[in-house]
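The values are calculated or read from the model by the stated rules, or taken from the named source; none is laboratory data. All values reported here derive from a predicted model rather than from experimental measurement. In this analysis, Cβ positions are derived from the backbone assuming ideal geometry, glycine residues included, and neighbour counts consider all displayed protein chains. For accessibility, only protein heavy atoms count, side chains too; no ligands or nucleic acids. Shrake-Rupley method; radii C 1.70, N 1.55, O 1.52, S 1.80 Å.
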Amino acid sequence: MGIKKYQDRIIYQIYPKSFRDSNGDGIGDLRGIIGKLEYLKDLGVNTIWLNPIFVSPQIDNGYDVSNYYAIDEKMGTLHDFDEFVETAHSLGLDVILDFVMNHTSDKHPWFKDAIANERSLYRDYYLWAKGKDGKLPNNWGSFFGGSVWEKDPQADDVYYFHLFDKKMPDLDWRNPEVRRSMADIAKFWIDHGVDGFRLDAFIHIAKADFEQNMPSHGKKGPIVAEPFFANMPLVQTYLHEFVKTLREYKPDIFILGEAASADIDLAIDYTDPSREMCDTVVTFRYFEDDKSKLDPELPEFGQPLPLKIETFKDTMVTWQKRLQKISYPTLYWNNHDMPRVLTRFAAESEHKKAAAKMLATLMYLQRGVPCIYYGEEIGMESAVLPKISDFEDQQADEFFKEAKEAGATEEKCLSMLSRSHKMAARTVMQWNESEYYGFSATKPWKYGQTNDVNVANEKSDDTSILNFYKSVLKLKKKPLFVEGNFVLADTTDDMYVYKRTLGNSEAWVICNLADGVTKYRVHGNLSDKHIVLQNGSLSLNEGNVLTLPPFGSLVFMTE
């Protein structure tokens, strides 16, 4: 079993806590997912990526792992997992697991032993430094706010390093025992049928020495010193060794790397087949925020910002062309670390349904590997979370406090955070019209007011977003849309038009990014082309001028 060519993959990302609850405790689980595998097969995907399902105190929703060899009891059992993999494989679906390799939970036995005993073998599994002149070892800041340093409770003036929450200490990948241990964990899950891994935060597994402070330019407090702990040269050394070990164990293992801040040059390094690292990587660089309407009275973090379309175009065409002879980029609009795209792109529009269809056409028919986030295929938006504690984020707490002090109402603060924060994109999958959307009989772990869409209604509606996604993914499987050359047309910023060619086959993908009627002159002879996908009522006059409705799109094709 297994899809041999990674470029043929169509990935569906499941946030397990929010997909389907089978036992009524308000938390999604493996048995809930098993019950919906036929739905995923019917949608047209062929690979399932699960966010972390290992034993965890859930400080960071499973990214703080305390036992890599067991399933968290709220998610089910190892037996449930084996049944999940077996059922998925019987339907032609591959399974990839989120693999947390940069850090563990502070409740992991390695760290507990390292803290309890300075002579512990596991002391060298983590990163430590002494304070300087009664202060922290350096001024580096954590991605989750505050310093990367937390005091060792058992030793004077000694600190451990954590890029994320203080309860998530970073592993020291310089230690060959750490590297061997992580490879052993991956092999264990390969033995349980896993077809690949999504490598979480792999770009952070090597750090600069701790001597160097980040220039502060007069600012007080810790500073996120990304140049010193992201994409360091040794990352490639460790990554190559890790992946090579796994490929010797399972030659067709699929490796999807999370390279959040990687630019195109790093992406080429990470995905060049001759370097034996990742098959493809996810970068966050596709989506630059338009900061032109930032409120200067409020902190930037927490303000909802639209996408900067012109930068998006420049970035996408660069990734498309530079990777053309090397690897395939990931194609995605949504994931668990960002607001849902409809909330960012068409929040105030009356044409959200058309926008969702256009965005799918635009993104997934390009050259690359689609990654669809659960609920995207029915047009789910970020939910409005009712309490500040729902965001589980120190930075959100700070925004809430400062925004209220600046005169914003509590309702406005929650609304802004809900439109900009990742947690509002993690609410439950909406299966039907019943209470809690058929996710559970009990109030879900994360719940807020959201847009009224659901699978049951859309399944029976020929014009639905869900059925449109099925059409897009069916088209995506044609060799032209997998292997074909990509050329982006030079258009105004309210249009996104590209050509795919393979042998004698050709397709034109024409998308209107504007929330209004737009005209576009189609070049070339259309007599031998036929429309294979259409979103909205379109008209074409004798001069080949196409009139597209708000967020309209279509695909012409010759074969």
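Computed values, structure above
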{"item": "Residue among Cys278, Ser142, Ser505 farthest towards the positive dipole end of the chain, charges placed on Cβ", "result": "Ser505"}
{"item": "Segment Glu483-Asn451, length gained on full extension (0.36 nm per residue, minus Cα span)", "result": "7.9 nm"}
{"item": "Furthest towards positive pole of dipole, Ser471, Thr409, Gln449, structure part segment 334-480, Cβ charges", "result": "Ser471"}
{"item": "Square roots of 5 times each gyration tensor eigenvalue, C-alpha, segment 1-62, largest first, Å", "result": "24, 15, 8"}
{"item": "Rg(Cα)/(2.2 N^0.38 Å) for segment 90-182, N = residue count", "result": "1.26"}
{"item": "Selected from Gly28, Ala259, Leu163, residue furthest toward positive end of dipole (the chain; charges at beta carbon)", "result": "Ala259"}
{"item": "Point-charge dipole on Cβ atoms (K/R +1, D/E -1) for the chain, about Cα centre, debye to 20", "result": "1060 debye"}
{"item": "Debye-sum result for segment 420-559 in log10 I(q)/I(0), which assumes one identical scatterer on each alpha carbon, at q = 0.16 Å⁻¹", "result": "-0.95"}
{"item": "Where segment 1-72 is the region considered: accessible area per residue in Å², 1.4 Å probe", "result": "29 Å²"}
{"item": "Percent accessible area from carbon and sulfur atoms, the chain, protein chains only, probe 1.4 Å", "result": "48 percent"}
{"item": "Volume per residue that the Cα convex hull of the chain spans, once the total is divided by residue count, Å³", "result": "155 Å³"}
{"item": "The chain: antiparallel DSSP beta bridges as a percent of all, rounded to 5", "result": "60 percent"}
{"item": "Between segment 103-137 and segment 181-239, the alpha-carbon center distance in angstrom", "result": "17 Å"}
{"item": "Segment 394-499 - accessible surface per residue (Å², probe 1.4 Å)", "result": "46 Å²"}
{"item": "Computed over segment 392-491, the ratio Rg/Rh where both radii use C-alpha atoms and Rh is Kirkwood", "result": "1.14"}
{"item": "Residues Asp113 and Asp493, FRET efficiency given R0 of 45 Å [Cβ-Cβ distance, rounded to 0.05]", "result": "0.20"}
{"item": "Extended-chain gain in nm, criterion 0.36 nm per residue less alpha-carbon gap, Lys36 and Gln154", "result": "37.7 nm"}
{"item": "Net lengthening on full extension, Leu502/Ser434 (0.36 nm per residue, minus Cα-Cα)", "result": "19.8 nm"}
{"item": "Quotient of C-alpha Rg and 2.2 N^0.38 Å, computed over segment 67-223", "result": "1.23"}
{"item": "Kirkwood hydrodynamic radius of segment 485-532, Cα pairs, Å", "result": "12.0 Å"}
{"item": "Reciprocal mean inverse distance between Cα atoms of segment 1-152 - Kirkwood radius, Å", "result": "17.9 Å"}
{"item": "Ranked by how many other beta carbons lie within 10 Å on average, peptides 216-225, 71-80 from highest", "result": "71-80, 216-225"}
{"item": "For Val384, solvent-accessible area (1.4 Å; no DNA, RNA or ligand), Å²", "result": "70 Å²"}
{"item": "Highest-first arrangement of 371-380, 540-549, 306-315, where packing means the average Cβ count within 10 Å", "result": "371-380, 306-315, 540-549"}
